[in-house]
Amino acid sequence: MVARPEACAYHRDTEPDNEKAFIVKLAKILCLYLPLTLAAGFAQAQDITANNIFYIGAGRSNDDGPLDNDNTPFSLGFMHQSPNSRLILGFDIGREGTRLDSTWNRDQDPRQATSYNLLIGGNLFDNGRYRTDAALLLGARESFAECPDSYLGYQCYADQEPETEYKGNIGAVVTVSVDRFTVGLRATGESAQILAGFRF
């Protein structure tokens, strides 16, 4: 009897939870950005102005078709204003839109997609206590994932990585801050979300 090639790979008995996979990705990103954020904080220790914003968002999906995922979209984001400048740069990661999934023996199953986005914009108003910022959101969103079927419980045949296709993701983020508290709106072609966060 000849063993299947995929039997040589490490066997996974169960499908990993999508939310756990998202948390792992998020943790990796935060591990990269946390040292940069801390370094920026130390460098501006003498500056009483809070030039950083961290936010969490949730809202509704813009998709309602039979092949669209209807899970509640959400996002996490970070914005930083350069010293002595109105320029704002940042990063945003969201769960929004639909990824047609043909892994785990599925056939174009509509799953919630992940988007990875850059933020670029500017400070519109800041008097110390009140502040308004706006940024253009540009990134990429998962749209399709596929691979040959596995017969031994893997995500893909022989435990190989699936092929994932991406589409452009465009939108905008607007925030209003009062003291350290921040609220705002995040809108893309896939979702509209209300934001809440803080300045530091």
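The values are calculated or read from the model by the stated rules, or taken from the named source; none is laboratory data. Computed from a prediction, not measured in an experiment: that's the story for all the values here. Glycine gets a Cβ as well: all are built from the backbone with ideal geometry, and neighbour counts include every protein chain shown.
Only one entry of Gln155, Gln160 meets the criterion of being at pLDDT below 95 and surrounded by fewer than 16 Cβ atoms within 10 Å (Cβ to Cβ), and that entry is Gln160. Scanning the range 61-116 for residues that are β-branched (Val, Ile, Thr) and in contact with a helix residue (DSSP H, G or I) (Cβ under 9 Å, 6 or more places away or on another chain) turns up Ile93, Thr114. Where strands (runs of 3 or more DSSP E) fall wholly inside the range 1-114, no range has 2 or more residues that are surrounded by 14 or more Cβ atoms within 10 Å (Cβ to Cβ) and modelled with pLDDT under 70. Every condition in (1) surrounded by 16 or more Cβ atoms within 10 Å (Cβ to Cβ); (2) closer than 20 Å to Arg60 by Cβ holds for Ala196 except the one numbered (1).
When the range 135-151 is limited to residues that are among the hydrophobic types (A, V, I, L, M, F, W, C) and surrounded by 17 or more Cβ atoms within 10 Å (Cβ to Cβ), the one that is nearest to Pro73 (Cα to Cα) turns out to be Leu137.
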